[in-house]
Amino acid sequence: MKIHLRMLGCRLNQSEIDTMARQFQQQGHEIVDRPAQAEQIVVNTCAVTQDATRESRHLLRQLHRANEAAAITVTGCYAQIAPAEIAVLPGVARLVDNTEKEHLVTKITGQPLQTFDHEPLERADKSGAAGRTRAFVKVQDGCDNACTFCVTTVARGAGHSRALSEIVAEVRYLAALGYQEAVLTGVHLGSYGHDLGNRQGLAQLVERILAESEIARLRLSSLEPWDLAPEFFDLWQNPRLCRHLHLPLQSGCDRTLRRMARRTSQAQFRALMQAARARIADVCITSDVIVGFPGESDEEFAISAEFIGEMDFAGLHVFRYSPRPGTAAARMRQQVSEDKKRERSAYLHKLAAAAEKGFAEKQRGRHLNVLWEHIAGATEQGFMNAGYTDNYIRVQCIHPRVLTNYITPARLERYDETRRQMTVTPLLT
Ligand code: SF4
C-alpha cells in the first residue's frame, strides 16, 4: 500500500507522523512523497490557533484536489475538537481521535503493529539514508495543567507517559537505523513519569537513554519552566545532551501570567534562566510568547516586552492570541483588537531577530559540532550543506561532499541576517 503522510503544528505532531511512517514501513508499506502517488493519505492536524485550523482545512482540500481517489484519514487536535467540521470535507474517509491515534496504522492496514524488537537492529542499514538524521520521539501525551488559553488539554486530555523501557528501546532502534539525533517530545514533557508516581521521571529517562543507547545526540523539546529544578541542568555534563532549552514564557508580566494560569512569575523565570546559564555553557534558550491575551493593556505589554528583552532569548516564537473554543480565556472580557496584536507581534519579532543574531554572533570563531541534516542547493564550488550546532544555531557551508547525517566540527564564521543562519567552515580531517 502507498501512503502519503502530512502534519501541521508542533513537534509532537511531527513525532507522531514519524512514528506512523516507521510503523507503515515495518508492515511492508511504502511512504510516498507526493499525494498523487498515494492510495491512503494521513493528516495530523493542529488546532492551537484559528490560523492552524484554517490551514488544516486548506491542506485537506488541497490533498483531495491532488488525488481524488485517495482515502484521507484525519487525526490530531483539530479532528478531536471539531470532528463535524472535518467529516464533511471531500475525500475524508476516516477520523481517528487522539486517544486512538496509536492504533491508526492498524485501522488503515488491518495488520498488527510490530514492537521495537531486536531483529530490525540487525537488519538496519547504518549508512545514514536520506531523511534519517533527527527523529522525534513522543514520550508522553496530555497535560494536567489548565492554562486558560490552551486548547491542547481539551484536545489531548490528562497527562500519560510511555513506559521508560519502551522509549529507551525506541531510541536504540533509531540509532541502529542511522539516526544521529533523537528529540524527546510531549505535550508537557517535563511531567514525564508524574502519572507513574515518579517526580524525577524525565531526568531518569534522559540518564537511561544516554547510558543505554548509542544515539550521538539527545535533545529535549519544550519544557514548562515550573517543572525544572536547578539540579536538572547538571544532566548537561554529558556532552551528548544538546545545549538547547525551549522554555515557554507566554508573557513577561506577572498580572497577565496570573490570568493565563501559568505557574511561573518574572522572578521565578529569571532565577531559572540564571541557573541554566550558570550550569550549561553557551546554552541556547528559546521561548514562546502570546501577544494580545485578553486584558493585556499597553502597560502590561510594555512590562512583558521589557522582561523579554532582559531575558535575551536566542529565539522567540511570537503568537497572536486567538480564542479557542472550550477554553476559559475565550470567555474573558477585554479581548484585544487585532490591530494591537499585530503591532505587538511586529515589535517582539524585531526584538527577537536582534537577540537571535546576538546569540549567534557571540559564537563566532568557535569550533562547534554540527549535525548536517540536508542539502539546500548546489553551486559550482560544491553542495550547500545545512545543519544545526548542538546549541541550535542553523548553519550552512559549501563543500565538495554531501555531509548529510555526519557530525563534524566546524568553525562559525559570520551571521547571515536574511537567511538567519551562520556560515561555517567544516573542519574535516
Ligand atoms: S502546560 Fe499549559 S500550555 Fe502547556 S499543554 Fe499544559 S495547559 Fe497547555
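Any read-out appearing in this document is the output of simple, stated calculations on the displayed coordinates, not a laboratory observation. Treat the numbers as computed from the prediction; the structure is a model and nothing was measured. In this analysis, Cβ positions are derived from the backbone assuming ideal geometry, glycine residues included, and neighbour counts consider all displayed protein chains.
Some notes on this structure:
- Karplus-based coupling profile of the range 242-256, in residue order and whole Hz: 5, 7, 9, 10, 10, 10, x, 8, 6, 7, x, 10, 4, 5, 5, with θ = phi - 60° in 6.51 cos²θ - 1.76 cosθ + 1.60 and x standing for Gly or Pro.
- Reducing the range 154-227 and the range 319-372 to their Cα centroids gives an inter-centroid distance of 26 Å.
- Rg of the Cα atoms in the chain, relative to 2.2 N^0.38 Å, amounts to 0.99.
- Normalised contact order of the chain, rounded percent, pairs of Cα under 8 Å and 6 or more residues apart: 11
- Convex hull projection area averaged over all views, the range 2-109, Cα basis, nm²: 5.8
- Sites matching trypsin sites (Lys or Arg not before Pro) across the range 330-364 that sit in DSSP coil, with at most 14 neighbouring C-beta atoms within 10 Å: Arg333, Arg364
- According to the Kirkwood relation over distinct C-alpha pairs, the hydrodynamic radius of the range 234-382 is 17.3 Å.
- Cross-link reach list, aspartates and glutamates versus Lys340, counting only Cα pairs under 12 Å and skipping chain neighbours closer than eight places: Glu296, Asp298
- The GluC sites (Glu not before Pro) of the range 40-102 that DSSP puts in a loop, and whose beta carbon has at most 16 other beta carbons within 10 Å, are Glu68.
- Taking the Cα centre of the chain as reference, the dipole from Cβ charges on Lys and Arg (+1) and Asp and Glu (-1) amounts to some 560 debye.
- Over the range 51-98, all Cα pairs binned in 5 Å intervals from 0 give whole-percent P(r) values of 5, 23, 35, 25, 10, 1, listed from short to long.
- For Arg320, distant residues with modelled amide H under 5 Å away: Val291
- Dipole orientation for the chain: of the candidates Pro325, Met1, Ala155, Pro325 has the Cα lying most toward the positive pole (charges on Cβ; Lys, Arg +1; Asp, Glu -1).
- Look at the alpha carbon pairs under 8 Å that are at least 6 residues apart: their mean separation over the length of the range 176-316 gives a relative contact order of 22 percent.
- Cα centroid separation, the range 237-299 to the range 375-406 (Å): 31
- Using every pair of separate Cα atoms, the Kirkwood estimate puts the hydrodynamic radius of the range 367-426 at 11.1 angstrom.
- For peptides 17-30, 390-403, sequence by mean Cβ density within 10 Å, most packed first: 390-403, 17-30
- Ranking Gly91, Gly292, Thr256 by Cα position along the charge dipole of the chain, where only Lys, Arg, Asp and Glu carry charges on their C-beta atoms, puts Gly292 farthest toward the positive end.
- Annotation: peptides 372-384, 223-235, ranked by per-residue average of other Cβ atoms within 10 Å with the highest first, follow the order 223-235, 372-384.
- For the range 186-226, the alpha-carbon coordinates run over 28, 21, 14 Å along the three principal axes, in decreasing order.
- Listed residue pairs exceeding 28 Å between alpha carbons, taken from Lys107/Lys138; Lys138/Lys357; Lys2/Lys138: Lys138/Lys357
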